[in-house]
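**Q** Once you've had a glance at the structure underneath, I'll fire off some questions.
The numbers here are math on the coordinates, done by the rules we state, and not lab data. These numbers were taken from a predicted model, which means no experiment stands behind them. Using ideal geometry, Cβ is built from the backbone for each residue, glycine included, and neighbour counts are taken over all protein chains shown.
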């Protein structure tokens, strides 16, 4: 992929709100292959692997036995197994965790990130979204011998796509076709769209911090309550059927010059030390310098507007509506 690396390194640092294309090296890929790959993932992840095929994808997560998430993925089925699409910085720690549970299964795990050129397309233009390489339905997948194309959750009128290309030449040709009609933007544009779409990511700083319902994975279809056991299943089921959710994920706008980091503490207003109120999930600036932030916090305090960032106590947290309905 050296040819692709040299090509995409010439691209833009612009942050765009829509109608753009950007390279996506920060997205990581884990390949799970072998005769027992399906059963292995069915026993490890929160969603039902049997509900997807080569033409569809699903959101899922991987947790500890105590129900704390180690990672969040988009899962796609390929000819030789499954690809887990996640944050690049989480690929190695997730592989280390998954390796512990292979035992005698016929499963091979590998970091497949560098085998694919990865880029995203975001547009509301019909001459772009009707391109034959792009799926026509949300969470649909089109696969050829060398290209995997996914249509993800939309953001307002903007349709969002992720493409994985085994051939650098084909990646460059597709890129040129889209770039002729779209602005070339920085990866931060895609990162921002994920946040504004309310899609959470787990980073090394937030690994083992949240139960999946706290991150709205129930509302996003990232969990099955009908499948068999997986790590943390008892905790997840107990919260679903017997408990009352006391924390959830919010989307907020912050007027600040300092970007909050995943894991940064939120505290009750007036406090100057951690009090367990909440934590930042993800944050990014838009093209106008406004910070968009996902955070998980105690519902009572967040709804009452009683929270502040521990590191930025003067910054106002202005909650905005998520683009999807929450569970009851």
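**Q** Return the single residue from 17, 47, 80 with maximal mean-square fluctuation; model: Gaussian network over the chain, springs between Cα atoms under 10 Å.
**A** Greatest mean-square fluctuation among the candidates belongs to 80.
**Q** Pull out the extension gain between residue 242 and residue 326, defined as 0.36 nm times the separation in residues minus the alpha carbon to alpha carbon distance; nm, one decimal.
**A** Details: separation 84, 0.36 × 84 = 30.24 nm, distance 1.81 nm.
In short, 28.4 nm is gained.
**Q** Normalized C-alpha radius of gyration of segment 2-196, against 2.2 N^0.38 Å?
**A** Compared with the compact-globule rule of thumb, segment 2-196 sits at 1.02.
**Q** Size of segment 212-320 along its principal axes in angstrom, Cα-based, largest extent first?
**A** Largest to smallest, the principal-axis extents are 46, 31, 21 Å.
**Q** Kirkwood Rh and Cα-based Rg: tell me the resulting Rg over Rh for the chain, rounded to two decimals. Mind dumping the intermediate values first?
**A** Details: Rg = 19.6 Å, Rh = 20.4 Å.
Taking Rh as the inverse mean 1/r over Cα pairs, Rg/Rh reads 0.96.
**Q** With each label point set 7 Å from Cα along the Cα-Cβ vector, what nm distance links residue 80 and residue 157?
**A** Distance between the two pseudo-spin positions: 4.3 nm.
**Q** Moving to a separate point now. Based on alpha-carbon positions alone, could you give the equivalent ellipsoid semi-axes of segment 289-328 from the gyration tensor, as √(5λ), descending, whole Å? Can you show the working numbers first?
**A** On the way: eigenvalues 77, 41, 13 Å².
Rounded to whole Å, the semi-axes are 20, 14, 8.
**Q** Diagonalise the Cα gyration tensor of segment 1-99 and give the resulting equivalent ellipsoid semi-axes, square root of 5 times each eigenvalue, largest first, whole Å.
**A** Working: eigenvalues 159, 50, 41 Å².
For segment 1-99, the ellipsoid semi-axes come out as 28, 16, 14 Å.
**Q** P(r) of segment 256-328 in 5 Å steps, Cα pairs, percent per bin?
**A** In whole percents, the pair-distance histogram is 3, 16, 26, 28, 16, 8, 3, 0.
**Q** With springs connecting C-alpha atoms under 10 Å apart, model the chain as a Gaussian network and identify which of 305, 71, 288 has the largest mean-square fluctuation.
**A** 288
**Q** If you scale each eigenvalue of the Cα gyration tensor by 5 and take the root, what three semi-axes come out for segment 150-227, rounded to whole angstrom and sorted largest first? The partial results should precede the final answer.
**A** Numbers: eigenvalues 179, 42, 40 Å².
Those come to 30, 15, 14 Å.
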